[in-house]
Amino acid sequence: MRTLLHRHLAWGVALGLLLVLIVVVALSFTSSDRSAGGAGIGRMLGPSPEPVTIRGSAQTPMTVGALMPLNLSLDNPNEFALTIDNITVTVLDVEAPRADADHPCSAVDFEVRHLKGRVGLTLAADSNDNLSELLVPLGSWPAVGMLNRPVNQDGCKESLLTLGYEASGVRVRR
């Protein structure tokens, strides 16, 4: 019975869970190495750079117990290159229309994986590239997934997630 429930839950989540990632996080550079408006962290080197925006969305439906890689897009509107040294992912909000007191659904039902390994991504001046174009291996991409918890997770069917991305980096010196 438990295996049948897990199979139905996996299919229900795979077919019904629509993952929407709404993300516009700026990579801001400040002289004091602190976050600007909750955005990225970095150091100012020269004129104030424009924010780098990071966007991403899931390409396939989520299944229980599996992480879905996120091929993030990074937009550098500046006239100089930037090196990104870190990108983290956070579940900001879970909108779960099927959740109720007996079938809750919240951020604890999901897991995220940050960009793995030593990053050092160089964004060319005035460019928009995604992780695959930057030749980041698929296994290193940030990812999101639904945990396979030992409780009924039917409340998470058809959920919408809002993810936030935070990055840090520096201007490339010539």
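Among residues of the stretch 125-148 that are part of a loop (DSSP other than H, G, I, E, B), those with a beta-carbon under 9 Å from a residue that is of a type in the set (Gly, Ala, Ser) and surrounded by 20 or more Cβ atoms within 10 Å (Cβ to Cβ) at least six positions away or on a different chain give the pairs Leu131/Gly56; Pro142/Gly56. For the stretch 51-69, a tally of residues being over 18 Å from Asp109 (Cβ atoms) and of a type outside the set (Ser, Thr, Tyr) returns 7.
Which of the residues spanning the stretch 108-124 are surrounded by 13 or more Cβ atoms within 10 Å (Cβ to Cβ) and either without any contact (Cβ under 8 Å) to a residue 24 or more places away in the chain or in a strand (DSSP E or B) (or both)? Result: Phe110, Glu111, Val112, Arg113, Leu121, Thr122, Leu123. If the condition is being in contact (Cβ under 8 Å) with a residue 24 or more places away in the chain and either under 16 Å from the mean Cα position of the chain (by Cα) or on the phi > 0 side of the Ramachandran plot (or both), then the stretch 93-107 contributes Asp93, Val94.
Just so you know, all these numbers are worked out from the coordinates, no wet-lab data involved. As the structure is a prediction and not an experimental result, all values here were calculated from the model. All Cβ positions, glycine included, derive from the backbone under ideal geometry; neighbour counts span all protein chains shown.
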